[in-house]
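Here's the structure, in structure tokens; my notes come after.
The values are calculated or read from the model by the stated rules, or taken from the named source; none is laboratory data. Just so you know, these numbers come straight off a predicted model, no measurement behind them. For neighbour counting, all protein chains shown are included, and Cβ atoms are generated from backbone atoms with ideal geometry for every residue, glycine included. In case anyone asks, the SASA skips ligands and DNA or RNA and just uses the protein heavy atoms, side chains included. Shrake-Rupley method; radii C 1.70, N 1.55, O 1.52, S 1.80 Å.
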Amino acid sequence: MITMKDIVREGHPALREKAQAVAVPPSKEDIELAERLLQFVKNSQDPALAERYDLRPGIGLASPQVGISKRIIAVHVEDENGHLHSHALLNPKIVSHSVKVTYLEGGEGCLSVDREVPGFVPRYEKITVKGINTKSEPVELKLKGLVAIVFQHEIDHLDGIMFYDRINKEQPFDPPSTVSLTR
Ligand SMILES: O=CN(O)CCNC(=O)c1cccc(Cl)c1Cl
Ligand code: NI
């Protein structure tokens, strides 16, 4: 099982590389990695398991964070409406997005960043994501709210982008309007 010792921290090259797309149809190995990433995220949210294995809670995880530069992510999060979003996705891609930008009031955190980095992280309010699931089926997800933010945080990891790269250096708590996000 993945534990914190498997998670690479700032300075590891995989966090700043553009991850490689996985072959289609995905190999057993890539599917298994996707499932292991999702299992970690679920485990990290289970109080007993988190305590037993000393896991820092997370609502998503990307393959580069375990040092493997492949385009694979996992998200497991209950959103503001109480809906559970649980996905392990290969070759995820944002194919469209709102002009409107949003952000989390409390900022963002990252298991690969062993420090607080305060500030608002501009994210698209709505996104459409295409990818391949662990049954090798193509999926298209229309997302908004917290789950959309998490997907953007994870897909950024696949492009070597850390959440704090997006915080306004001069005015970290200046509410982002329709910031021109480079994407
Ligand atoms: O890449 C994934 N992680 O680093 C896991 C730890 N971070 C979080 O759970 C987290 C916390 C706040 C906002 C967002 Cl968007 C995320 Cl993702
Ligand atoms: Ni992260």
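Assorted remarks:
- When every residue of the range 27-42 is checked against the conditions, at least one turns out to be in contact (Cβ under 8 Å) with a residue 12 or more places away in the chain, under 22 Å from Val117 (Cα atoms) and within 15 Å of ligand 1 (Cβ to nearest atom).
- Just so you know, in the range 61-108 the residues that are near ligand 1 (Cβ under 9 Å from one of its atoms) and surrounded by fewer than 20 Cβ atoms within 10 Å (Cβ to Cβ) include one that is farthest from Ile161 (Cα to Cα), and it is Gly106.
Here's the yes/no breakdown for (1) under 23 Å from Asp6 (Cα atoms); (2) open to solvent by 10 Å² or more (accessible area, probe 1.4 Å):
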{"site": "Cys110", "(1), (2)": "yes, no"}
{"site": "Val117", "(1), (2)": "yes, yes"}
{"site": "Val121", "(1), (2)": "no, no"}
{"site": "Thr128", "(1), (2)": "no, yes"}
{"site": "Ile132", "(1), (2)": "no, yes"}
{"site": "Leu141", "(1), (2)": "no, yes"}
{"site": "His157", "(1), (2)": "yes, no"}
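- The number of residues in the range 74-118 that are over 16 Å from Asn133 (Cβ atoms), touching a helix residue (DSSP H, G or I) at 6+ places or on another chain (Cβ under 7 Å), within 16 Å of ligand 2 (Cβ to nearest atom) and not polar (S, T, N, Q) comes to 6.
- Condition check for Asp6: in contact (Cβ under 8 Å) with a residue 60 or more places away in the chain and more than 23 Å from Lys93 (Cα to Cα): yes
- Residue in the range 168-178 that is more than 19 Å from Gly60 (Cβ to Cβ), among the β-branched types (Val, Ile, Thr) and open to solvent by 40 Å² or more (accessible area, probe 1.4 Å) present: yes
- Where Ser177 falls short, out of the listed (1) at pLDDT 95 or above; (2) farther than 13 Å from Ile73 by Cβ; (3) away from ligand 2 (no atom under 16 Å from the Cβ): (1)
- Evaluated against (1) surrounded by 13 or more Cβ atoms within 10 Å (Cβ to Cβ); (2) in contact (Cβ under 8 Å) with a residue 12 or more places away in the chain; (3) more than 21 Å from Glu137 (Cβ to Cβ); (4) more than 15 Å from ligand 1 (Cβ to nearest atom), Met1 falls short on exactly one condition, (1).
- Conditions (1) among the charged types (D, E, K, R); (2) free of Cβ contacts under 8 Å to residues at least 24 places away in the same chain; (3) closer than 15 Å to Ile149 by Cβ; number of the one not met by Arg52: (3)
- In the range 4-60, residue most open to solvent (accessible area, probe 1.4 Å) [restricted to those that are under 20 Å from His87 (Cα atoms) and basic (Lys, Arg)]: Lys28
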